[in-house]
Amino acid sequence: MALRLTALTGALISITLGVLQPAQAETVLERITRTGRVNTVVMNGSLPYSTQLDNRYVGLGLEFAKEIQKELSDYVGKPVELVAQPVNSIEQGIAAIASGAVDLSCGAGFSWGRSMFVDYTLPFALSGTRLITPVGNDGTPSALTGKTIGVVKNSLAARAMEKSITGAELALFENPAAALAALKSGEIQFLAGDSLWLLANRSAVDPAGNVTPSVPYNRSAVGCVVPENSSGLLNLSNLAIAKLMQAYINDDPNAQSRINQWVGPGTDVNLSQDVIKAYFTNVLLTAALLALP
């Protein structure tokens with residue numbers, strides 16, 4: 001059951017050297033320019049970042065992916081299509097990006113291990129590992145002794161639980177949708193994961209459950225990832241993300257509507273606009289605030 005960075009590293013390397021390995025004659029940005037397509041990883045059941053709705057994918061991550069698509073279209077001087085590439089596991093998604101077979105994934109939590117294989121953009125959210133627990137359980141290590149905790153395989157939460165909790169068993173699920181289904185069916189009573197993911201999905205799978213503990217087991221930034229050493233795509237992605245965050249800070253109604261529908265006031269995540277503005281401002285201050293038009 002132990003989840004080790006070395007195991008994931010080996011899997012990524014083997015996949016990178018296998019069928020997902022693309023031709024290296026052109027850069028990622030050159031390929032996007034030639035094909036008019038930017039391929040983006042999506043995953044069902046991963047709200048607020050992405051989920052399948054009818055025949056399309058939606059979510060906070062897709063809002064930022066669309067901004068990157070727009071920035072690429074402006075840069076190359078022709079329309080660039082955003083093409084969803086569904087994956088069934090975190091490992092499959094990261095491997096596809098690491099190999100260069102897919103160009104983009106928005107909604108990825110930062111990991112030093114993953115940063116060896118992919119490049120991260122500016123973050124657009126801050127999350128951390130918490131749990132959905134039954135009423136009366138505060139989600140602290142002592143309260144989890146002897147419990148079975150559901151986690152998504154190869155997720156940051158799985159690693160955090162393995163390192164932080166002793167005397168509990170981890171039930172590994174291949175993807176977020178499978179983990180949520182297990183909680184809803186009663187197969188598990190405890191589910192650990194990204195805090196925003198838990199909040200966005202709790203009402204649908206365990207409305208009586210609590211998101212605990214009050215202080216997450218760890219914290220991580222959430223942003224987009226692109227293939228390593230693809231500086232052209234990385235720079236344009238950062239600019240696109242910064243523009244959408246700046247528009248939100250500047251009270252642009254379209255930008256605020258796009259963000260708020262996934263994490264803002266009245267949603268299951270229910271962040272206030274002031275909290276979102278403060279986070280976006282802090283992120284942009286690590287680089288530079290954009291000038292008003």
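Coordinate-derived values only; no laboratory data. Just so we're clear, the structure is a prediction, and the values are computed from it rather than from any experiment. Because the Cβ atoms are built from the backbone with ideal geometry, glycine has one as well, and the counts that use them run over all protein chains shown.
Data overview
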read-out	value
DSSP-defined antiparallel bridges as percent of all bridges, the stretch 127-212, nearest 5	50 percent
Counted charge near residue 221, where neighbours are those whose Cβ lies closer than 13 Å (Asp, Glu -1; Lys, Arg +1)	+1
Residue order, fewest to most beta carbons within 10 Å, for 281, 166	166, 281
For residue 230, net neighbour charge (Lys/Arg +1, Asp/Glu -1) across residues whose Cβ lies under 13 Å away	-4
Violating pairs (Cα-Cα greater than 31 angstrom) within the set 70/184; 78/243; 163/243	70/184; 163/243
Rounded, prolate or oblate (a/c below 1.5 giving rounded, otherwise prolate when a/b exceeds b/c) for the chain by Cα gyration tensor	oblate
Net charge of neighbours whose Cβ lies under 14 Å from the Cβ of residue 252, counting Lys and Arg as +1 and Asp and Glu as -1	0
Per-peptide average of other Cβ atoms within 10 Å, ordering 99-105, 251-257 highest first	99-105, 251-257
Additional length obtainable on full extension of the chain from residue 287 to residue 172, 0.36 nm per residue less Cα span	37.6 nm
The chain: antiparallel DSSP beta bridges as a percent of all, rounded to 5	60 percent
Chain lengthening between residue 145 and residue 35 when straightened (0.36 nm per residue, less Cα-Cα)	34.3 nm
The chain: relative contact order as a whole-number percent, Cα under 8 Å and 6+ apart	23 percent
Peptides ranked, highest mean first, by Cβ atoms within 10 Å: ranges 39-48, 88-97	39-48, 88-97
Eligible aspartates and glutamates near residue 277 by straight Cα distance, threshold 13 Å, same-chain separation 8 or greater	251, 252
Residues 195, 231, sorted so that the one with the fewest Cβ neighbours within 10 Å comes first	231, 195
Protection-proxy order for peptides 267-273, 50-56, 198-204, each taking the mean of Cβ atoms within 10 Å per residue, highest first	198-204, 267-273, 50-56
The stretch 38-67-the stretch 81-125 distance, computed between alpha-carbon centres (Å)	13 Å
Inter-label distance for residue 277 and residue 208, nm, one decimal - labels placed 7 Å from Cα along Cα-to-Cβ	4.0 nm
